[in-house]
1. Could you grab me the full set of residues in region 282-294 that are within 17 Å of Pro72 (Cα to Cα) and buried (at least 16 other Cβ atoms within 10 Å of the Cβ)?
2. Any chance you could count how many residues in region 22-40 are more than 29 Å from Val333 (Cα to Cα) and touching a Ser or Thr at 6+ places or on another chain (Cβ under 7 Å)?
3. Restricting to region 56-73, give me the number of residues that are over 26 Å from Ile246 (Cβ atoms) and surrounded by 20 or more Cβ atoms within 10 Å (Cβ to Cβ).
4. Of all residues in region 80-100, count the ones that are surrounded by 21 or more Cβ atoms within 10 Å (Cβ to Cβ) and touching a residue at least 60 places away in the same chain (Cβ under 8 Å).
5. Of all residues in region 112-149, which are surrounded by fewer than 18 Cβ atoms within 10 Å (Cβ to Cβ) and basic (Lys, Arg)?
6. If Gly127 satisfies all but one of (1) touching a residue at least 24 places away in the same chain (Cβ under 8 Å); (2) assigned to a helix (DSSP H, G or I), what's the number of the condition it fails?
7. For the subset of region 23-82 comprising residues that are over 29 Å from Val125 (Cβ atoms) and β-branched (Val, Ile, Thr), which member is farthest from the chain's Cα centre (by Cα)?
8. Name the residues in region 325-339 that are surrounded by fewer than 14 Cβ atoms within 10 Å (Cβ to Cβ) and in contact (Cβ under 8 Å) with a residue 12 or more places away in the chain, would you?
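The values are calculated or read from the model by the stated rules, or taken from the named source; none is laboratory data. All values derive from a computational prediction rather than experimental measurement. Cβ sites come from the backbone with ideal geometry, for glycine too, and all protein chains shown count toward neighbours.
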Amino acid sequence: MSPIEARFYQKLDEGKVKCLLCPHGCVIAPGRSGICRVRENRDGILYASTYGLVSSVALDPIEKKPLFHVDPGSYLLSIGSYGCNFSCEFCQNWQISQERPELYEATPEKIVDMALDQKDRRPNVTGIAYTYNEPTIWMEFVLDCAKLAKRQGLRNVLVTNGFISRDALEEALLYVDALNIDVKAWTEGFYRDIVHGRLSPVVETVERAKEKAWVEVTYLVVPGENDRDEDVRGLSQWLARLDPAIPLHLSRYFPAYRFRRPATPIETLERLRKVALERLHYVYIGNAWKKGYADTVCPECKTVLLERGGLELERSHLSDASCPTCGRRLEMVGRVWAG
């Protein structure tokens, strides 16, 4: 499939273009690409070079995204391409974010047909997730898929770093039902030195997305970098001001890409979970399996409502969206697909 002309850009003098898809605002000379490596200036026109190029397709539990409060127990057709507008030193999926993997071509129609075919085979397939690499730099393809999926009654889920321009985000939110947004740290210094981006636009994305869609947040805990109590306290205070029911996923770091320090100690994750639970209703530990880490517990009476294993729902104690013990309503979108 040939690249298509990109959206969200403006033409400048001398054949240069300014990409307006994300806050980097790359000014790109002819023959060059932006920081993401996939938006290319060809003779004064910006092209979305990955349009229709897919690196991964899989049927994943929605809990793998992770989204724990959207159709628990359901599955999503999950797709990704390659490239990213960050270059995190610890990137956990650098093989597709920082390198070019083997790719194959697909149209939006084909992706939606695949999702519908899976739904015909198993009713708990509820939609499409745009994930694996950073989906916002693939925005033209994501939007075309999401529009078609919406018409077919499928959910659209975005798993993103949140580093996207306001104009692009507003259009995506017309079609996206739920987002898991990475907030990688609570300091601009971390974003500048380790992520090679900025925190403030991500904060704005979470705040705006929360007004239009369901939002869950993932925070990868990197030892010695963003693992202080005050980091997670600041993050959880901000989330609680937006809505204390926003689920927070504290994820365990493992050595990857350019970082070789040991994996996050379990004790650190448990400590930070207690800090976050001072203000938030739902805090989970991910990338580390232990009974209870991924269970949904009633914030009022502490009854276990949803039991999860490593990556999927194992048991539900809900007959509807209310706690069977105290009657408190569970903040959730959709239905539970396991009993």
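1. If we filter region 282-294 for residues that are within 17 Å of Pro72 (Cα to Cα), which is where we start, we get 282-286, 292-294.
Passing the criteria: Tyr282, Val283, Tyr284, Ile285, Gly286, Tyr293, Ala294.
2. Step one: list which residues in region 22-40 are more than 29 Å from Val333 (Cα to Cα), which gives 23-40.
With touching a Ser or Thr at 6+ places or on another chain (Cβ under 7 Å) added as a condition, the list becomes 23, 38-40.
Result for region 22-40: 4.
3. The initial filter retains those residues of region 56-73 that are over 26 Å from Ile246 (Cβ atoms), namely 56-59.
Filter once more, so that each one left must be surrounded by 20 or more Cβ atoms within 10 Å (Cβ to Cβ): none.
Qualifying residue count for the region: 0.
4. Qualifying residue count for the region: 5.
5. Those that are surrounded by fewer than 18 Cβ atoms within 10 Å (Cβ to Cβ) and basic (Lys, Arg): Arg121, Arg122, Lys147.
6. (2)
7. First, the residues of region 23-82 that are over 29 Å from Val125 (Cβ atoms): 23-37, 39-47, 49.
Subset that is β-branched (Val, Ile, Thr): 27-28, 35, 45.
Numbers: Val27: 26, Ile28: 27, Ile35: 20, Ile45: 29 Å.
Within region 23-82, the match that is farthest from the chain's Cα centre (by Cα) is Ile45.
8. Going residue by residue through region 325-339, those that are surrounded by fewer than 14 Cβ atoms within 10 Å (Cβ to Cβ) are 326-327, 329, 339.
Across region 325-339, the qualifying residues are Cys326, Gly339.
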